[in-house]
Amino acid sequence: MECCNRLKREVVSAMTRGVKVVLALGIGVALCLGPVVVGFLSGSVSSADAADQVESAIVLEPCQLSAPGSPVRVPAKCGTLTVYEDREAQAGRRIDLRVAVVKAVRGNPAPDPLFLLTGGPGQAATQSYLSLAPALDRIREKRDIVLVDQRGTGQSNPLQCAQLWDLDEQTGTSGAGIQSVLKACLDGLDADSRLYTTPIAMDDLDQVRQALGYQKVNLYGVSYGTRAALSYLRQYPDRVRTVILDGVWPLGLSLSPMAAANAQRAIDMMFDRCAVDAACADAFPNLRAEFADLLNRLKQGPARVELNHPITAEPMEFDFTYEQFASGVRLLTYSPETEALLPMLIHGAYSTGDFRLLAAQSLMVGEQLSDSISLGMGYSVMCAEDLPFSSREDSEAAVDGSYLGTVVADALFEACAVWPRGAVSGDFNSPVDSDTPVLMLSGEADPVTPPSNAEFAARTLPRSLHLVAPGQGHNVLFRGCLSRVAASFVESGTTEGLDTGCVREIVPMPFFANPAGPPP
């Protein structure tokens, strides 16, 4: 589509003028002999279930899962489930939820599949699975993997706001500019954006479970998906056998007030690790001071940058601002592979005054976000579930000298001033209390969901086990032996007796001392 091509061509606007918007939001061939129709297991259903039952069959047909920008294709069986957008009224607009089932390798799978709940908020499970599939292979040996594009994402009536990637140069970074394009986006949506909250989406998910005929399920949630998994666990406790939470965002903690402090913690850990790494310390002995100097320079005024786009090779020229620099650094600390570049990038910009390499890295991360995030759905979640439990004062108090400042919080407050706010129950943000077995995974250096988040959640999850991957960032299931530990957990249905000693052997990516790469 031409609009998609234009979005690609103008990704410069995404990172040079719209980065604040993005940061408010925040991974064997099945042979099919024709379509498969699946429906409810026999048994009693509630009156609400009975009202939906006639439309709850899902026709699954062979398909190929794909994601923008990825050459990977995964065979699956796909279908749709039609639900009321307003589940409470059971009337009005109906939306289609995209459902995919990646069949178990074994011909006689276990009766309890694994449901994947992905991040963002705003990512689509059918797309995120492609990068997570290798880490879930052991679980898929015996269990189906079920993917549901949460309402508002992927092919489930997505709340896309392409306008946010094409903000006017003069007003794009202002609150008025963001609010203007959000209003335009809302006018173009065929949706009531107030009805795309997590609790409603988890009601959708349970209807999918019923339609596919599963009595109990295992949940794997990553990032925002951990909040979704915990919400489902609270709403449908009898339907959950085990839960894996990867990068925990627990109910009871608001994201925006702690964003700056968590980002600063992660980069401080990077500085400390560089200081005790002989090659990094020798190449960049004054890294912390150089980073502070770059921040001060950009706070005084943006740096003019000319470069060829790192993906399209198109020439571009733009002002690289403090907000873009801080935001780009934060995103690069999500992964040890990109964080390994940061000392070299920081030192290079400090020594030469040339910000092109840092800007190029930010552009690449921004393009990945533009391809994978449904921004409107993200705002529907954050404005209803995060903002009411925080304040500007909380965010400002939590900055405490962080390089990120109030960039994330400011963007969220600006957006939510115009984005319609859905209703959540008064106890929505209370911690989830459950004796269901829960395995929690954290990256030691995660800049957005640090290990302390999982420790907070563990207070009310007495049958939980928390594993921390040394030196790692956000989303760690595929690091070291963690995928094997997770598969053993799902197979056994308990955290007791798991062999977790191998987690201590996980190490971060070595730092780049120069463009040739890490030292041998």
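The values are calculated or read from the model by the stated rules, or taken from the named source; none is laboratory data. These numbers come from a predicted model, not from an experiment. Please note: Cβ atoms are built from the backbone with ideal geometry, for glycine as well, and neighbour counts cover all protein chains shown.
Structure values in brief
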{"quantity": "Positions within region 204-221 being more than 19 Å from the chain's Cα centre (by Cα), not small (G, A, S) and not in a loop (DSSP other than H, G, I, E, B), in sequence order", "calculated": "D204, D206, Q207, V208, R209, Q210, L212, V217, N218"}
{"quantity": "Residues (within 18 Å of the chain's Cα centre (by Cα) and closer than 24 Å to L482 by Cβ) located in region 259-280", "calculated": "N262, A263, A266"}
{"quantity": "Those residues of region 236-280 which are of a type in the set (S, T, Y), more than 20 Å from S327 (Cα to Cα) and surrounded by 23 or more Cβ atoms within 10 Å (Cβ to Cβ), in sequence order", "calculated": "T242"}
{"quantity": "Only one of E455, E367 that is in a helix (DSSP H, G or I), acidic (D, E) and at pLDDT 95 or above", "calculated": "E455"}
{"quantity": "Answer from A411, A398 - the residue that is surrounded by fewer than 23 Cβ atoms within 10 Å (Cβ to Cβ) and closer than 30 Å to N296 by Cβ", "calculated": "A398"}
{"quantity": "Residue match in region 437-451 (condition: at pLDDT 95 or above, over 21 Å from S193 (Cα atoms) and surrounded by fewer than 19 Cβ atoms within 10 Å (Cβ to Cβ))", "calculated": "yes"}
{"quantity": "Residue in region 484-506 that is nearest to P343 (Cα to Cα), counting only those that are over 23 Å from the mean Cα position of the chain (by Cα) and in a loop (DSSP other than H, G, I, E, B)", "calculated": "T500"}
{"quantity": "Looking only at region 222-258, and only at residues there that are within 22 Å of F489 (Cβ to Cβ) and hydroxyl-bearing (S, T, Y), the one that is farthest from the chain's Cα centre (by Cα)", "calculated": "Y236"}
{"quantity": "Residues located in region 381-411, provided they are under 22 Å from S231 (Cα atoms) and among the aliphatic types (A, V, I, L, M)", "calculated": "V381, M382, A384, L387"}
{"quantity": "Residue match in region 172-194 (condition: under 22 Å from the mean Cα position of the chain (by Cα), modelled with pLDDT of 95 or more and surrounded by fewer than 24 Cβ atoms within 10 Å (Cβ to Cβ))", "calculated": "yes"}
